[in-house]
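Everything below concerns the one structure shown next.
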């Protein structure tokens, strides 16, 4: 009997964002691995074991799940958002490459989900309506200079910029530093969207400017979208929040 | 009575990729607007009118749907993939800004979906596992020089590159030209993933190299993912297709 491993995207949290394919993969699993709070979102079942782990234990979690699958288990690892975007799919691939040959023979499926930038963008309009990039601000796995070069490149050619992992207790200055860096290329009034926990009870989404963004409240689960030069606001009668969108046609990129 | 407009992401096509939120938005609509083949994917209902339009008529489609909503209708515009990524949400925002004040007062909701790059990435592993960008190769709405500058910037700082709208009858040379441009920065052996119609009967996903990509079969609905320098292949016993992934840790970006 050969085991299988599904790496399942839960989307931003609320059940309404789950795809049918993700529901089916979760239903078929006999064991669920994942970050504890993600597992807590799913209804518990007597015939399904749960293996919660901490946030920074991606590698150990991937190893444990692969070992379990290699013993013949039907395993699912859950991932917030989309597993392929700053989440579990790459960690699983790293372990498959590093591990024994039997892991490379396993049935492995990645089940896509709504990643945070799509959920946050949808809440405010269409800020990702033109070319964009997605960048993790965490310098745990890459030097800060690489992040700065990428911010410079992205802003100078007119990409909208989605920023994952903007800040944490261990990384308190990176967000402000990134905003200062982007100010070299973009006007102070450039719209910046902050969003977290879309669709959940503690959802918070707001729109500010590049100038104000350095000191706006954010945490590890916050996703930022920094507009390009042509990103626009539409004020709306009787509504607090403007629509934010980037037109499909490019303005000439600077520099 | 005030109308409403939902811009609904259908994902890559198969029903399994639809979220519960998208299902609910489609069920609540009394009129559906969209590109004909997208509407054809949905079960027809006697109490719901359908307003199909051609592929290039985004602006007219958005206008018609907004006009209908402003008359009090509960309207949904369907969009392939995610409405916010090279799809209908930006076109709708453009018309909301251009149109009468009453359009800005409407209830407008964007319902996110699985965009093509997430679906294609999931099929092959985790090629978007590190920083990446998404770029439309269509020069209908931006000059080709802007596209070239963005390709140069993205490849030179180490972004994985997802390319939408790579080729069409009216744009036959752009794909080969983009691949040649990227060859200035990246080795000939860089993995390139081609994917279309993920989850549908005519799904086609394959992995090739940057050298071969210029002449590989593609059409308007094909999504390309061009790896970065550190994107890797894992060959697997007894399987045709390798896993493709980009490790979470950056190698030093070139230049």
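Looking at the structure I just gave you, is residue A:85 within 21 Å of the chain's Cα centre (by Cα), outside any helix (DSSP H, G or I), in contact (Cβ under 8 Å) with a residue 12 or more places away in the chain and more than 9 Å from chain B (Cβ to nearest Cβ)?
On the way: within 21 Å of the chain's Cα centre (by Cα): yes; outside any helix (DSSP H, G or I): yes; in contact (Cβ under 8 Å) with a residue 12 or more places away in the chain: yes; more than 9 Å from chain B (Cβ to nearest Cβ): no.
No.
Does the stretch A:110-120 contain at least one residue that is farther than 24 Å from residue B:85 by Cβ and not in a loop (DSSP other than H, G, I, E, B)?
Our first condition is that a residue be farther than 24 Å from residue B:85 by Cβ; within the stretch A:110-120, this holds for none.
No, because not a single residue in the stretch A:110-120 is farther than 24 Å from residue B:85 by Cβ and not in a loop (DSSP other than H, G, I, E, B).
Would you mind stating whether residue B:158 is under 11 Å from residue B:225 (Cβ atoms) and buried (at least 24 other Cβ atoms within 10 Å of the Cβ)? Write out each step before concluding.
Working: under 11 Å from residue B:225 (Cβ atoms): no; buried (at least 24 other Cβ atoms within 10 Å of the Cβ): yes.
Answer is no for this residue.
For the stretch B:113-141, give me each residue that is touching a strand residue (DSSP E or B) at 6+ places or on another chain (Cβ under 8 Å), surrounded by fewer than 24 Cβ atoms within 10 Å (Cβ to Cβ) and at the interface with chain A (Cβ under 8 Å from one of its Cβ atoms).
Once the filter is applied, which keeps residues that are touching a strand residue (DSSP E or B) at 6+ places or on another chain (Cβ under 8 Å), surrounded by fewer than 24 Cβ atoms within 10 Å (Cβ to Cβ) and at the interface with chain A (Cβ under 8 Å from one of its Cβ atoms), the stretch B:113-141 yields B:123, B:136.
Might you let me know whether the stretch A:30-40 holds any residue that is out of contact with any strand residue (DSSP E or B) (no Cβ under 6 Å at 6 or more places or on another chain) and within 24 Å of residue B:15 (Cβ to Cβ)? It would help to see each step written out before you state the result.
Narrowing the stretch A:30-40 to residues out of contact with any strand residue (DSSP E or B) (no Cβ under 6 Å at 6 or more places or on another chain): A:35, A:37, A:40.
Retained after the next criterion (residues that are within 24 Å of residue B:15 (Cβ to Cβ)): none.
Within the stretch A:30-40 (the criterion being out of contact with any strand residue (DSSP E or B) (no Cβ under 6 Å at 6 or more places or on another chain) and within 24 Å of residue B:15 (Cβ to Cβ)), the answer is no, since none of the residues qualifies.
Among the residues of the stretch A:233-240, is there at least one that is assigned to a strand (DSSP E or B), touching a strand residue (DSSP E or B) at 6+ places or on another chain (Cβ under 8 Å) and without any contact (Cβ under 8 Å) to a residue 60 or more places away in the chain?
Residues of the stretch A:233-240 assigned to a strand (DSSP E or B): A:233-234.
Imposing the further condition that a residue be touching a strand residue (DSSP E or B) at 6+ places or on another chain (Cβ under 8 Å) reduces the set to A:233-234.
After this cut, where a residue has to be without any contact (Cβ under 8 Å) to a residue 60 or more places away in the chain as well, the list is A:233.
Checking the stretch A:233-240: at least one residue is assigned to a strand (DSSP E or B), touching a strand residue (DSSP E or B) at 6+ places or on another chain (Cβ under 8 Å) and without any contact (Cβ under 8 Å) to a residue 60 or more places away in the chain.
Please work out if residue A:84 is modelled with pLDDT of 95 or more and touching a strand residue (DSSP E or B) at 6+ places or on another chain (Cβ under 6 Å). Steps first, answer last, please.
Details: modelled with pLDDT of 95 or more: yes; touching a strand residue (DSSP E or B) at 6+ places or on another chain (Cβ under 6 Å): yes.
It is true that residue A:84 is modelled with pLDDT of 95 or more and touching a strand residue (DSSP E or B) at 6+ places or on another chain (Cβ under 6 Å).
Answer yes if at least one residue in the stretch B:57-75 is part of a helix (DSSP H, G or I), at the interface with chain A (Cβ under 9 Å from one of its Cβ atoms) and without any contact (Cβ under 8 Å) to a residue 40 or more places away in the chain, and no otherwise.
Yes - at least one qualifying residue is present in the stretch B:57-75.
Can we say residue A:97 is surrounded by fewer than 24 Cβ atoms within 10 Å (Cβ to Cβ), at pLDDT 95 or above and under 20 Å from residue B:246 (Cα atoms)? Reasoning before the result, please.
Values: surrounded by fewer than 24 Cβ atoms within 10 Å (Cβ to Cβ): yes; at pLDDT 95 or above: yes; under 20 Å from residue B:246 (Cα atoms): yes.
When the stated conditions are applied, residue A:97 passes them.
Restricting to the stretch B:10-35, what's the tally of residues that are in contact (Cβ under 8 Å) with a residue 60 or more places away in the chain and surrounded by 18 or more Cβ atoms within 10 Å (Cβ to Cβ)? Before you say what the answer is, go through the steps one by one.
Taking the stretch B:10-35 as the starting set, the residues that turn out to be in contact (Cβ under 8 Å) with a residue 60 or more places away in the chain are B:10-14, B:16-19, B:21-22, B:25.
Then drop every residue that is not surrounded by 18 or more Cβ atoms within 10 Å (Cβ to Cβ), which leaves B:10-14, B:17-19, B:21-22, B:25.
The number of residues fulfilling the criteria is 11.
Within 25 Å of residue A:21 (Cβ to Cβ), assigned to a loop (DSSP other than H, G, I, E, B), within 14 Å of chain A (Cβ to nearest Cβ) and touching a residue at least 40 places away in the same chain (Cβ under 8 Å): is that true of residue B:200 in this structure? Explain how you work it out, then say what you get.
Values: within 25 Å of residue A:21 (Cβ to Cβ): yes; assigned to a loop (DSSP other than H, G, I, E, B): yes; within 14 Å of chain A (Cβ to nearest Cβ): yes; touching a residue at least 40 places away in the same chain (Cβ under 8 Å): yes.
Considered against the rule, which asks whether it is within 25 Å of residue A:21 (Cβ to Cβ), assigned to a loop (DSSP other than H, G, I, E, B), within 14 Å of chain A (Cβ to nearest Cβ) and touching a residue at least 40 places away in the same chain (Cβ under 8 Å), residue B:200 comes out as yes.
Scanning for something surrounded by 18 or more Cβ atoms within 10 Å (Cβ to Cβ) and within 12 Å of residue A:92 (Cβ to Cβ), does the stretch A:36-53 turn up at least one residue?
no
Go through the stretch A:6-49 and count every residue that is part of a strand (DSSP E or B) and under 15 Å from residue A:79 (Cβ atoms).
10
Answer with yes or no whether residue A:158 is touching a residue at least 24 places away in the same chain (Cβ under 8 Å), not in a helix (DSSP H, G or I) and not assigned by TED's automatic domain parsing to the domain that holds residue A:59.
Values: touching a residue at least 24 places away in the same chain (Cβ under 8 Å): yes; not in a helix (DSSP H, G or I): yes; not assigned by TED's automatic domain parsing to the domain that holds residue A:59: yes.
Yes; evaluated as a whole, the condition is true for this residue.
Give the residues of the stretch B:235-244 that are in contact with a helix residue (DSSP H, G or I) (Cβ under 9 Å, 6 or more places away or on another chain) and surrounded by fewer than 17 Cβ atoms within 10 Å (Cβ to Cβ), sorted by residue number. It would help to see each step written out before you state the result.
Restricting attention to the stretch B:235-244, the residues satisfying the condition of being in contact with a helix residue (DSSP H, G or I) (Cβ under 9 Å, 6 or more places away or on another chain) are B:235-237, B:239, B:241-244.
Hits for the stretch B:235-244 are B:235, B:237, B:239, B:241, B:242.
Look at the stretch A:165-189 and say how many of its residues are in a loop (DSSP other than H, G, I, E, B), closer than 13 Å to residue A:214 by Cα and within 22 Å of the chain's Cα centre (by Cα).
Adding up the residues that qualify gives 4.
Taking the options A:139, A:152, A:131, name whichever one is more than 20 Å from the chain's Cα centre (by Cα) and touching a residue at least 24 places away in the same chain (Cβ under 8 Å).
A:152
Of everything in the stretch B:88-112 that's in contact (Cβ under 8 Å) with a residue 60 or more places away in the chain and facing chain A (nearest Cβ under 7 Å), which residue is nearest to residue B:250 (Cα to Cα)? Step through it out loud before you land on a result.
Start the filter on the stretch B:88-112 by keeping residues that are in contact (Cβ under 8 Å) with a residue 60 or more places away in the chain, which leaves B:88-89, B:92, B:105-112.
Still in the list and also facing chain A (nearest Cβ under 7 Å): B:89, B:105, B:110-112.
Values: B:89: 33, B:105: 46, B:110: 34, B:111: 33, B:112: 29 Å.
For the stretch B:88-112, the residue satisfying everything is B:112.
The values are calculated or read from the model by the stated rules, or taken from the named source; none is laboratory data. If you're wondering where the values come from, they're calculated on a predicted model, not measured in any experiment. Note that we place each Cβ from the backbone using ideal geometry, even for glycine, and neighbour counts take in every protein chain shown.
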